[in-house]
Amino acid sequence: MDQKQESNWAMGSHLAALAGFIIPFGNIIGPLVIWLTKKEESAKIDTEAKKSLNFQISVTIYYLISFVLMFIVIGVPLMIALAIFSLVMIILNGVKASKGEETKYPLSLKLIK
């Protein structure tokens, strides 16, 4: 696989998480599919897809916590802030991956190693 294709797949692994704004759990399914199908072809794609997948699993956990907190009113602003934060981080890391730069998600749990 050439470097351009590798960068495109790495970027796609981050941007695939945008499906979560349309499809329930699409934010996890998109990066998971790319990781499972391309992890053997490139170490870079393997690393980037795992980073994206870990972040999306973490965000889903944070959404569930925010949902529980909706009963004491603080959950709604947390969910809105989390959606904006998630969108910004997905786009920033997708652009970084397309340029071949190192990506990093803050608040991401390392669940898949």
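None of the figures in this text is laboratory data; all of them are computed from the coordinates on show. Being a predicted model, the structure only gives us computed values, none of them experimental. Reconstructed Cβ throughout: ideal geometry from the backbone, glycine too, with neighbour counts over all protein chains shown.
Brief remarks on what is shown
- Ranked for footprinting exposure by Cβ neighbours inside 10 Å, fewest first, 82, 107 give 107, 82.
- Answer label, with volume of the Cα convex hull per residue in Å³ calculated from the coordinates and candidates (1) 98; (2) 220; (3) 87: (3)
- Exposure proxy ranking, count of Cβ atoms within 10 Å, fewest first, for 98, 52: 98, 52
- Sparsely packed loop sites in segment 1-96 (the chymotrypsin sites (Phe, Trp or Tyr not before Pro) outside DSSP H, G, I, E and B with at most 13 other Cβ atoms within 10 Å) comprise 25.
- Fewest-first ordering of 60, 103 by other beta carbons within 10 Å of each residue's beta carbon gives 60, 103.
- Using the Karplus relation 6.51 cos²θ - 1.76 cosθ + 1.60 with θ = phi - 60°, the per-residue 3J(HN,Hα) values for segment 96-108 come to 4, 5, 5, 8, x, 8, 6, 9, 8, 10, x, 6, 8 Hz, with x marking Gly and Pro.
- In straight-distance terms, cross-link reach from residue 113 covers every one of the aspartates and glutamates whose alpha-carbon lies under 12 Å from its own, apart from those fewer than eight places away in the same chain; here that gives 46, 48.
- Spatially proximal lysines relative to residue 4 (Cα-Cα < 18 Å; intrachain offsets below 8 disregarded): 38, 39, 44, 96, 99
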